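Notes for the one structure printed next.
The values are calculated or read from the model by the stated rules, or taken from the named source; none is laboratory data. Small disclaimer: the values here were computed from a predicted structure and weren't measured. Using ideal geometry, Cβ is built from the backbone for each residue, glycine included, and neighbour counts are taken over all protein chains shown. Ligands, DNA and RNA are stripped out before the accessible areas are found, and what is left, the full protein with its side chains, is counted by its heavy atoms. Shrake-Rupley method; radii C 1.70, N 1.55, O 1.52, S 1.80 Å.
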Amino acid sequence: MAKGAGKSRRFRRSGTLMMLALLLMGSAIVRLGLEAGPAIAREVASLKEGGQEEPAHQGETQRGAMPDTAELQTMLAAFQQREKVLAAREAEIQDRMKALEIADQAIEKKLAALEQAEENLRATLALADGATEADVSRLTTVYEQMKPKDASALFEEMDPAFAAGFLARMQPEAAAGIMAGLSPEAAYTISVVLAGRNGSVPKE
């Protein structure tokens, strides 16, 4: 009976130890589960977030590389405005070129008119010079044919330079007759004018 009682106590002791060991192991497993579960969940969540962020980041990169509709419209409006400005400048330049062309044509017409007027003036002066020369020649002939006494009276009243001009064109005999009829003062003054005119003539 004593032996049976001892075996029974050892069996109960072993069973108790086994239960304690199982309880400790279960507690450890539960503790590991409680601690590892949130960590695993956090890791999975981070992996999911990383997987979601990467495509989103790539999408943002692609969207950043390609302009959206609003940016395209802004760029198109800027190009159209630039084109309008260039067209306006081109039209302004063409208007200025036309104005310059019109001004050049007007200047050419005015130059042609001035040249024609100058030509007409030359012709008129030539006619005037011819007429004057003819008149002076006729008047010189008249003075030559006058009596020296009458001609001297006229030359006495003339300006000395004017009188010297006529005497220089006359025949020497007629001029000498007129000079002889002049007063000494008038004859001297006219002689000085004639000498001065002859002195300015180039000599050989």
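Points worth noting:
- Selection count, segment 140-164, where residues are open to solvent by 20 Å² or more (accessible area, probe 1.4 Å), in a helix (DSSP H, G or I) and out of contact with any Phe, Trp or Tyr (no Cβ under 7 Å at 6 or more places or on another chain): 14
- Segment 170-203: number of residues that are open to solvent by 70 Å² or more (accessible area, probe 1.4 Å), touching a helix residue (DSSP H, G or I) at 6+ places or on another chain (Cβ under 8 Å) and at pLDDT below 90: 1
- Flag for residue 133 being assigned to a helix (DSSP H, G or I) and either modelled with pLDDT of 90 or more or under 27 Å from residue 196 (Cβ atoms) (or both): yes
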